[in-house]
């Protein structure tokens with residue numbers, strides 16, 4: 001009984017904060033990986049495909065990215081797979097923490113500017129400005145997807 005009450009209290013206090021988009025950066029706020037960007041003619045445009053292979057791997061195409069500090073990028077992301085997937089950009093540590101929470105609350109909904117969740121066949125866009133240099137990561141943090149290969153390196157020089 002005590003464990004059930006503790007679990008419920010934890011879910012009630014943590015889940016609303018996550019649903020509100022506070023995974024380490026709100027809308028428009030600077031995060032370690034950067035901040036939401038504004039569309040312009042000077043931005044870099046990349047396409048990302050979320051796929052599943054016949055042997056059970058879940059992958060991003062391309063598998064890694066490198067950008068310059070200050071660069072604004074428009075990511076056009078398409079879920080070409082058969083399962084729901086997400087694309088989350090953050091530090092390795094923040095993605096690991098987010099992944100742990102997703103394992104506890106797999107149906108958790110959130111609206112973070114550095115992430116997008118897509119159903120099969122859906123397409124979406126993230127416009128992002130990489131303000132800080134460093135090694136970051138993009139990943140799908142839906143339980144089991146990261147382990148199936150759905151993550152990649154994101155380097156900002």
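Some values worked out for this structure:
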{"read-out": "Answer residue from the range 64-75, given it is over 19 Å from residue 113 (Cβ atoms) and in contact with a strand residue (DSSP E or B) (Cβ under 6 Å, 6 or more places away or on another chain) and is surrounded by the fewest Cβ atoms within 10 Å (Cβ to Cβ) among those", "value": "66"}
{"read-out": "Condition broken by residue 2, with the remaining ones in (1) exposed (fewer than 13 other Cβ atoms within 10 Å of the Cβ); (2) modelled with pLDDT of 90 or more satisfied", "value": "(2)"}
{"read-out": "Filter result for residue 61 (surrounded by fewer than 16 Cβ atoms within 10 Å (Cβ to Cβ), at pLDDT 95 or above, under 26 Å from residue 107 (Cα atoms) and in contact with a strand residue (DSSP E or B) (Cβ under 6 Å, 6 or more places away or on another chain))", "value": "yes"}
{"read-out": "Number of positions in the range 33-60 that are in a loop (DSSP other than H, G, I, E, B) and within 19 Å of the chain's Cα centre (by Cα)", "value": "4"}
{"read-out": "Answer residue from the range 98-108, given it is within 27 Å of residue 47 (Cα to Cα) and either loosely packed, with under 14 Cβ neighbours inside 10 Å or under 12 Å from the mean Cα position of the chain (by Cα) (or both) and is modelled with the lowest pLDDT among those", "value": "107"}
{"read-out": "Residue ID - nearest to residue 156 (Cα to Cα), chosen from residues in the range 76-96 that are surrounded by fewer than 20 Cβ atoms within 10 Å (Cβ to Cβ) and within 12 Å of the chain's Cα centre (by Cα)", "value": "91"}
{"read-out": "Any chance residue 129 is without any contact (Cβ under 8 Å) to a residue 60 or more places away in the chain, surrounded by fewer than 20 Cβ atoms within 10 Å (Cβ to Cβ) and assigned to a strand (DSSP E or B)", "value": "no"}
{"read-out": "Matching residues, the range 133-157, being assigned to a strand (DSSP E or B) and surrounded by fewer than 13 Cβ atoms within 10 Å (Cβ to Cβ)", "value": "135"}
{"read-out": "Yes/no for residue 111 being surrounded by fewer than 18 Cβ atoms within 10 Å (Cβ to Cβ) and either assigned to a strand (DSSP E or B) or within 12 Å of the chain's Cα centre (by Cα) (or both)", "value": "yes"}
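The values are calculated or read from the model by the stated rules, or taken from the named source; none is laboratory data. What you see is a predicted model; the values in this text were computed from it and never measured. A quick note on method: Cβ atoms are made from the backbone with ideal geometry, for glycine too, and the neighbour counts reach across all protein chains shown.
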